[in-house]
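Where a number appears in this text, it was derived from the coordinates with a stated rule and is not lab data. Everything quoted here is computed from the prediction, not taken from an experiment. Counting neighbours? That spans all protein chains shown, and the Cβs are built from the backbone with ideal geometry, glycine included.
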Amino acid sequence: LNGQLTERGARLREATTTAPQYRFFALPGTKPPKPGLLRVASGGAAIAVEVWDVPLAALGSFLALIPAPLGLGSVTLADGSSVHGFICEALALEGATDITSFGGWRAYLASLQPPR
């Protein structure tokens, strides 16, 4: 969704991590591949995230692009603050690969590349 954000004039505010209360999944059958973030009561980890400032005038058109099972919800960051971010419906995690140990989407995608 990076391209859709920048097309709408959004600006990257910061790269950070979530509070250590999330599990992270590679969702099955999504094209292009998509991650799913789920808050858990225990066994969570900090996950790398980006915080973007989206112009209010562009927010509606951006929200219309978010495909199920993803949605927008509150995500707690490492510093204890809360932002609106992508979360995933728990039902969609059936058959998903738990990629929490990678600590983020980019690290997971890099692990799929053949060694050089």
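What to note about this one:
- Net charge contributed by nearby residues that have their C-beta within less than 14 Å of residue 95 (K/R +1, D/E -1): -2
- Phi-derived couplings, Karplus 6.51 cos²θ - 1.76 cosθ + 1.60 at θ = phi - 60°, listed residue by residue for the stretch 86-94: 6, 10, 10, 5, 4, 4, 6, 7, 5 Hz, with x used for Gly and Pro.
- The ellipsoid equivalent to the alpha-carbon distribution of the stretch 1-59 has semi-axes of 24, 16, 9 angstrom, derived from the gyration tensor eigenvalues as √(5λ) and listed largest first.
- With each label modelled as a point 7 angstrom along the Cα→C-beta vector, the residue 83-residue 113 pair spans 2.4 nm.
- The DSSP beta bridges internal to the chain are antiparallel in roughly 100% of cases.
- Placing +1 on the Cβ of every Lys and Arg and -1 on the Cβ of every Asp and Glu, with nothing else charged, gives the stretch 2-104 a dipole about its Cα centre of roughly 120 debye.
- Farthest towards the positive end of the charge dipole of the chain, among the residues 67, 2, 90, is the Cα of 2, using unit charges on the Cβ of Lys, Arg, Asp and Glu.
- 5 angstrom amide H check on residue 49, placed H, neighbours 5+ away: 16, 17, 18
- Surface/4 estimate of mean projected area, convex hull on alpha-carbon atoms of the stretch 29-70, nm²: 4.5
- Extension gain, residue 53 to residue 14, is 13.1 nm, computed as 0.36 nm per intervening residue step minus the present C-alpha separation.
- Sorted into 5 angstrom bins from 0, the C-alpha pair distances of the chain split as 2, 10, 21, 23, 21, 14, 6, 1, 0 percent.
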